[in-house]
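Asker: A single structure is presented below for examination.
The values are calculated or read from the model by the stated rules, or taken from the named source; none is laboratory data. Predicted, not measured: the structure shown is a model, and the values here were computed from it. Every residue, glycine among them, receives a Cβ derived from its backbone with ideal geometry; neighbour counts consider all protein chains shown.
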Amino acid sequence: MAAFGGHCMSAHRISANRRQWLESRLSERDRLVLDWVARLRLATGQQLEQLAFDDLSPSSLPVVRGRVLRRLVDWNLLELVDRRVGGSAKGSASGIYRLTAAGHAIALPAAARPTRPYTDRFTAHTIATSQLAADLVLALRRHPDYQLATYVTEPASWMPDGLGNYLKPDAYLRLQSASLTMHWWVEIDLGSESLPALERKLRNYLGFVARGLGGPSGTVPRVVLVVTSDGRLEAVTTLLRRLPYPATDLFTVCLSGRAVVTLLAAFDE
């Protein structure tokens, strides 16, 4: 399988004594943080706050978050990629985290890990994909009738396309209510890809459907295109109108700030 973001991969090992030491000390929250970083590849401290610390009171949240993230870094399970996140975030909230080799051995023992630095473009795109997960988890705490049953990113989100290649959505997610399950592939569009390139990607999805292939759990997910500007929203909407059936049923486009609302509104369609 291709390397994450085009970077080289390496095997990783951890001694039995070191593993036993870590396993005996990791808390449930530690494991939750590692699990999310494993699934997302990169996550900011603020995103991890939404994913793994939101049950805490506002006064204790930053203290506990900082303590947990520092501990996981000190134990060489997480590493800081950089501190370029802007805004008012400080300390552990401002960093971007990924698993170390030891972190991979604990959270993803069967997978290889990237060893070269991520590019700025790859980092921005991955963090945007992680943000959707964080926004969903936070929103669903206020909407207990829905559950986020699955959220995985590349390459776990990829599917064989029947032609010897892969469909490569940025993420696959499964949302559930008491009576309905919604499957979605996610394409995060930061506007850096040309419209012809995006059209080729969308036609690959249409070809997948035309070949009668099944997606995860045998169901072909709908595809949500998450864009970041009104201009891109208009351009992608126009592109979708030019595509053949079943494009209007398969694809949904929305602004990033409306992604969670769009996904939940599909339950009422």
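Asker: Just a yes or no: is a residue in the range 81-91 modelled with pLDDT of 85 or more and on the phi < 0 side of the Ramachandran plot?
Answerer: Within the range 81-91, one or more residues are modelled with pLDDT of 85 or more and on the phi < 0 side of the Ramachandran plot.
Asker: Within the range 115-160, work out how many residues are modelled with pLDDT of 95 or more and charged (D, E, K, R).
Answerer: Going through the range 115-160 one residue at a time, the tally reaches 1.
Asker: Name the single residue, out of those in the range 200-237 being charged (D, E, K, R) and either surrounded by 12 or more Cβ atoms within 10 Å (Cβ to Cβ) or assigned to a helix (DSSP H, G or I) (or both), that is nearest to the chain's Cα centre (by Cα).
Answerer: Taking the candidates together, the pick is Arg222.
Asker: Okay, next question. Any residue that is in contact (Cβ under 8 Å) with a residue 60 or more places away in the chain and either exposed (fewer than 13 other Cβ atoms within 10 Å of the Cβ) or not assigned by TED's automatic domain parsing to the domain that holds Arg241 (or both) - is there at least one of those in the range 159-176?
Answerer: No, that holds for no residue.
Asker: Being surrounded by 15 or more Cβ atoms within 10 Å (Cβ to Cβ) and either assigned by TED's automatic domain parsing to the domain that holds Tyr205 or touching a residue at least 12 places away in the same chain (Cβ under 8 Å) (or both): is that true of Asp145 here?
Answerer: no
Asker: Here is a follow-up. So how many residues does the range 27-77 have that are within 24 Å of the chain's Cα centre (by Cα), surrounded by fewer than 18 Cβ atoms within 10 Å (Cβ to Cβ) and outside any helix (DSSP H, G or I)?
Answerer: Result for the range 27-77: 5.
Asker: Does at least one position in the range 186-199 carry a residue that is touching a Pro at 6+ places or on another chain (Cβ under 7 Å), assigned to a strand (DSSP E or B) and of a type in the set (Val, Ile, Thr)?
Answerer: Yes, the conditions are met somewhere in the range 186-199.
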